[in-house]
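Below is one structure; the comments refer to it alone.
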Amino acid sequence: MTVVTTAALVQAVIALGVVVFQVALVAGAPWGEYTMGGRNAGRLPRSLRAGAAVSAVIMLAQAGHYLAQAGLLPPLLNPTANGVVNWIWFGFTVLGVIVNAISRSKKERNIWVPVLLVSAVCTLLVALN
C-alpha cells in the first residue's frame with residue numbers, strides 16, 4: 001500500500017468519525033462544548049443541530065471522495081476535477097485547523113486541532129499526488 005493510499009484511507013476514517021460525531025449531535029448528544037465554538041453546554045439548539053446535519057452530509061461526501069482516492073469506490077470525477085477537489089478538501093481542512101485553533105472552547109481545541117492536523121497532512125499528501 002502506498003503512502004498516498006494510506007493517507008486517503010486515514011482521511012476517509014477521520015471523515016467518517018466526524019460524520020458519527022455530527023449525527024450524534026443531531027440526535028441530541030450533549031457534546032455542545034466540543035463544537036461550534038463550545039458556546040452550548042449539553043445539547044445543541046435545533047438551529048445548530050441543523051448545521052451539524054449539513055456538516056455530516058459534507059463529511060460523508062468527503063469520506064466517499066477519499067475512499068475513491070484509495071481505490072475502494074469508483075471515482076465520480078475526471079482526473080482534472082479530481083485534482084481540483086483534492087486541493088479544495090485540503091483548503092477546507094486547513095480552514096478547520098485555523099477555526100478550531102482560535103475557538104474559545106478548550107475542549108473543542110483539544111479534540112479537533114490534533115485531528116485536523118492529521119487530516120491536513122493526509123489531504124495534502126493526496127493532493128500532491
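For region 8-72, what value does the Rg/Rh ratio take when both radii are computed over Cα atoms and Rh is the Kirkwood radius, given to two decimals? Numbers along the way, then the final one.
Numbers: Rg = 12.8 Å, Rh = 12.0 Å.
Using Cα coordinates only, the ratio equals 1.07.
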Taking R0 as 25 Å and r as the Cβ-Cβ distance between ARG109 and VAL54, the FRET efficiency 1/(1 + (r/R0)^6), rounded to the nearest 0.05, comes to 0.65
At 0.36 nm per residue, and after removing the present C-alpha to C-alpha distance, how many nm does the segment from LEU76 to VAL118 gain when stretched out fully? 12.6 nm
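What is the magnitude of the charge dipole of the chain about its Cα centre, with +1 placed on the Cβ of each Lys and Arg, -1 on the Cβ of each Asp and Glu, and no other charges, expressed in debye to the nearest 20? Could the numbers behind the result be given before it?
Numbers: 8 positive and 2 negative charges, 103 e Å.
Computed about the Cα centre, the dipole is about 500 debye.
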Reported label for calculated log10 I(q)/I(0) by the Debye sum over Cα atoms at q = 0.12, 0.13, 0.19 Å⁻¹ given (1) -0.49, -0.58, -1.33; (2) -0.46, -0.53, -1.02; (3) -0.56, -0.62, -0.99: (2)
Which whole-number percentage describes the relative contact order of the chain, with Cα contacts under 8 Å and a sequence gap of 6 or more? 35 percent
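Every read-out reported here was derived from the displayed coordinates using simple, explicitly stated rules and does not represent laboratory data. These numbers come from a predicted model, not from an experiment. All Cβ positions, glycine included, derive from the backbone under ideal geometry; neighbour counts span all protein chains shown.
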